[in-house]
Amino acid sequence: RECEPAARTGLCTPDVVSGCRTLLRLRDAELRALWPLALDALRLLRNLCAQVPAVQTRLLREGMLGEVAGLLVWARAQPDRLPGSECALAARLCVQVVGNSVVGNPTVAGWLWGAHFPGLLVALVADADASVQSCACMCLFNCIHADNERQRTLARCPEVVAALTLSADGVIGARRNIRAEPSGARASGAASDANSQCPRESELDFSWALASVDVLLRSSDLAAVALASLRAPAAAREPGEAPEAAAVRFLGVLDFLLGGDGAGKGACTLHTDSVAAIGEECAAALCAVEQWTAERYARAVAPGADLSEAEPLPFARAAVRLFGTLAMHDRAAMGGAARVRELVS
């Protein structure tokens with residue numbers, strides 16, 4: 001890891017690659033006591049390929065990245081994948097190898113996208129292990145950030161958008177909690193063990209999930225396309241989740257990125273057409289809200305439940321907040337914001 005890139009390129013010989021492949025296949029042997037050697041092989045591959053395109057491409061060309069992806073699928077499927085277990089650690093290391101290989105390497109990014117999107121990438125972005133989740137979001141970002149066609153494909157895939165949004169929403173919640181804490185009260189070491197929904201400590205400063213959603217927001221219409229895909233009847237959601245919940249989270253993430261609560265720092269520069277596209281999609285959804293009667297709201301909630309939480313009121317609230325933020329970026333959105341408030345009232 002401390003070697004210069006040229007030295008690491010020299011270390012990545014055919015014998016080293018072949019030896020690592022042999023060690024990774026120890027999972028198929030009865031000698032489980034040798035499994036730590038496979039973990040060491042993953043650490044070696046992870047450190048060799050970091051910021052060294054020649055090594056990254058060699059690992060792809062010689063089938064090592066495919067081998068690592070296969071091990072990743074196997075490790076995630078094991079019943080003993082518990083916090084601190086060897087399988088949980090193997091899954092993390094595998095994603096780190098792939099993540100280090102895809103950064104700055106369009107060839108590897110093309111392979112990863114073609115071979116594992118949406119399938120494995122969706123599963124990894126939604127993984128309960130925050131370390132796996134973060135690395136998967138980094139992989140996804142590197143696949144899409146310079147490719148308009150992939151961005152559009154992602155925006156039209158509700159499973160991926162929902163998983164990215166859930167990850168980003170967790171980061172936003174953690175940042176807000178820390179901001180609300182008294183000075184010096186920040187807990188050390190955010191959780192990053194398997195089965196944790198908390199973001200990693202590093203994501204409190206930078207989040208690959210937020211960066212990926214930001215890519216969609218900077219286009220002329222992809223944020224609106226993603227919102228429409230989330231609201232589609234067949235869109236994937238968390239088990240037992242209300243149909244609009246993923247869309248509500250997505251609107252909240254957009255609002256955060258645009259700096260609606262001051263937390264997003266207003267870093268995103270909106271494309272002119274993006275305001276109109278998002279506004280039109282929100283307005284279309286809110287027109288559907290307008291058709292709901294009191295009786296329909298009552299049927300939407302369990303007896304005795306709070307009527308104000310009936311679907312799709314949370315979406316309406318989120319849309320109003322976002323329109324207010326959009327209006328700060330573009331005066332043309334002011335009319336849309338007024339129309340939204342009229343619909344909600």
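The values are calculated or read from the model by the stated rules, or taken from the named source; none is laboratory data. Keep in mind the model is a prediction, meaning the values are calculated, not measured. Cβ sites come from the backbone with ideal geometry, for glycine too, and all protein chains shown count toward neighbours. What goes into the accessible areas is simple: the full protein's heavy atoms, side chains included, and nothing from ligands, DNA or RNA. Shrake-Rupley method; radii C 1.70, N 1.55, O 1.52, S 1.80 Å.
Brief remarks on what is shown
- Using θ = phi - 60° in the Karplus curve 6.51 cos²θ - 1.76 cosθ + 1.60, the 3J(HN,Hα) couplings for the stretch 252-258 round to x, 5, 4, 4, 4, 4, 7 Hz; x is entered for Gly and Pro.
- Charge dipole (the stretch 79-174, unit charges on Cβ, about Cα centre) - positive-most of ALA168, TRP113, CYS135: TRP113
- In terms of accessible area, using a 1.4 Å probe and ignoring ligands and nucleic acids, TRP208, TRP113, TRP35 rank largest first as TRP208, TRP113, TRP35.
- Additional length obtainable on full extension of the chain from ARG156 to SER85, 0.36 nm per residue less Cα span: 22.0 nm
- For the stretch 1-160, the fraction of 1.4 Å probe accessible surface lying on carbon and sulfur atoms is 56 percent.
- Computed from the C-beta positions of GLU62 and ILE178, the FRET efficiency with R₀ = 51 Å rounds to 0.70.
- Across the stretch 17-78, the relative contact order, built from alpha-carbon pairs under 8 Å that are at least six residues apart, equals 32 percent.
- List GLU62, GLU67, ordered by accessible area with a 1.4 Å probe, largest first: GLU62, GLU67
- Extension gain for ALA33 to ALA284 (0.36 nm times residue separation, less C-alpha to C-alpha distance): 84.4 nm.
- Taking label positions 7 Å along the Cα-Cβ direction at both ARG21 and ALA232, the computed distance is 3.9 nm, reported to one decimal.
- Relative counts (whole %) of C-alpha pair distances in the stretch 50-117, using bins that are 10 Å wide: 22, 49, 24, 5
- Taken over the stretch 1-154, the percentage of Cα pairs per 5 Å bin, counting from 0 up to the bin with the maximum distance, is 2, 10, 20, 23, 20, 15, 8, 3, 1, 0.
- Taking other residues whose beta carbon is less than 13 angstrom from the beta carbon of GLU62, and scoring Lys, Arg as +1 and Asp, Glu as -1, yields +1.
- For the peptides 104-111, 122-129, residues were scored by their other Cβ atoms within 10 Å and the scores averaged per peptide; the highest-first order is 122-129, 104-111.
- Protection proxy ranking, highest mean first, for peptides 164-176, 86-98: 86-98, 164-176, where packing is the per-residue count of other beta-carbon atoms within 10 Å, averaged.
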